[in-house]
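Q: Have a look at this one.
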Amino acid sequence: MTVTGTVVDLQLMNPHSIIFFDVTDKTGKTERWQAELGSANQLNRSEGWTRTTLKAGDKIAIVGPQNKNGSGDLNLSRE
C-alpha cells in the first residue's frame with residue numbers, strides 16, 4: 001500500500017529505526033502512523049541516511065505492507 005503523510009520524527013537506532021508520520025484521511029481526520037526500517041547502521045551504510053535525512057514537516061509517500069491488524073504500522077525493515 002502507499003501512504004502519504006507528514007514526518008513527525010525520524011528515530012535512527014538499532015536494531016530498527018522508525019519514521020513517525022501523520023496521515024490525514026479523506027474526512028480530514030489525522031492519524032499517527034509509523035514505519036519500521038532497518039538499523040541505523042544499515043540505513044547509513046547502504047542508503048546514506050543521517051539524522052537529517054527526514055525532518056519534521058517533510059511530506060513523504062511510503063510504499064510497503066501494512067500490519068495485518070489494520071493499524072497504522074508499516075514494516076519496511078530488511079532482515
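The values are calculated or read from the model by the stated rules, or taken from the named source; none is laboratory data. Values in this document were obtained by computation on a predicted structure and should not be read as measured data. Reconstructed Cβ throughout: ideal geometry from the backbone, glycine too, with neighbour counts over all protein chains shown. Surface accessibility is based on the protein's heavy atoms, side chains included, excluding ligands, DNA and RNA. Shrake-Rupley method; radii C 1.70, N 1.55, O 1.52, S 1.80 Å.
Q: Could you please find all residues in region 6-35 being under 14 Å from L76 (Cβ atoms) and touching a helix residue (DSSP H, G or I) at 6+ places or on another chain (Cβ under 6 Å)?
A: L12, S17, listed by residue number.
Q: Which one of T27, T53 is of a type in the set (S, T, Y) and exposed (fewer than 10 other Cβ atoms within 10 Å of the Cβ)? Spell out how you get there, then give the answer.
A: Details: T53 fails: exposed (fewer than 10 other Cβ atoms within 10 Å of the Cβ).
Selected residue: T27, the only one of T27, T53 that is of a type in the set (S, T, Y) and exposed (fewer than 10 other Cβ atoms within 10 Å of the Cβ).
Q: Return yes when G38 is crowded, with 18+ Cβ neighbours inside 10 Å, of a type outside the set (K, R) and either within 16 Å of S77 (Cα to Cα) or free of Cβ contacts under 8 Å to residues at least 60 places away in the same chain (or both) and no when it is not.
A: Numbers: crowded, with 18+ Cβ neighbours inside 10 Å: yes; of a type outside the set (K, R): yes; either within 16 Å of S77 (Cα to Cα) or free of Cβ contacts under 8 Å to residues at least 60 places away in the same chain (or both): yes.
So G38 fits the description; yes.
Q: Here is a check on your reading of the model: is Q66 under 10 Å from the mean Cα position of the chain (by Cα) and either polar (S, T, N, Q) or closer than 23 Å to M1 by Cβ (or both)?
A: Values: under 10 Å from the mean Cα position of the chain (by Cα): no; either polar (S, T, N, Q) or closer than 23 Å to M1 by Cβ (or both): yes.
For Q66, the condition - under 10 Å from the mean Cα position of the chain (by Cα) and either polar (S, T, N, Q) or closer than 23 Å to M1 by Cβ (or both) - is not met.
Q: While we're here: Which of the residues spanning region 56-66 are assigned to a loop (DSSP other than H, G, I, E, B) and either open to solvent by 60 Å² or more (accessible area, probe 1.4 Å) or aliphatic (A, V, I, L, M) (or both)? Steps first, answer last, please.
A: Step one: filter region 56-66 for residues assigned to a loop (DSSP other than H, G, I, E, B), giving 56-58, 64-65.
Those that are assigned to a loop (DSSP other than H, G, I, E, B) and either open to solvent by 60 Å² or more (accessible area, probe 1.4 Å) or aliphatic (A, V, I, L, M) (or both): A56, P65.
Q: Still on this structure, please answer the following. Identify, by number, the condition in (1) farther than 23 Å from K68 by Cβ; (2) outside any loop (DSSP other than H, G, I, E, B); (3) open to solvent by less than 80 Å² (accessible area, probe 1.4 Å) that M13 doesn't meet.
A: M13 satisfies every listed condition except (2).
Q: Still on this structure: For the list (1) touching a residue at least 60 places away in the same chain (Cβ under 8 Å); (2) open to solvent by less than 70 Å² (accessible area, probe 1.4 Å); (3) among the aliphatic types (A, V, I, L, M), I need the number of the one condition that M1 fails.
A: (2)
Q: Let me ask something else. Which residue is nearest to G5 (Cα to Cα), if the candidates are limited to region 19-55 and must be charged (D, E, K, R) and assigned to a loop (DSSP other than H, G, I, E, B)? So that I can check it myself, show each step before the final result.
A: Within region 19-55, the first condition is being charged (D, E, K, R), and the residues that meet it are 22, 25-26, 29, 31-32, 36, 45, 47, 51, 55.
Right, trim to assigned to a loop (DSSP other than H, G, I, E, B) and you get 25-26, 29, 51, 55.
On the way: D25: 10, K26: 12, K29: 12, R51: 19, K55: 13 Å.
Here the residue is D25.
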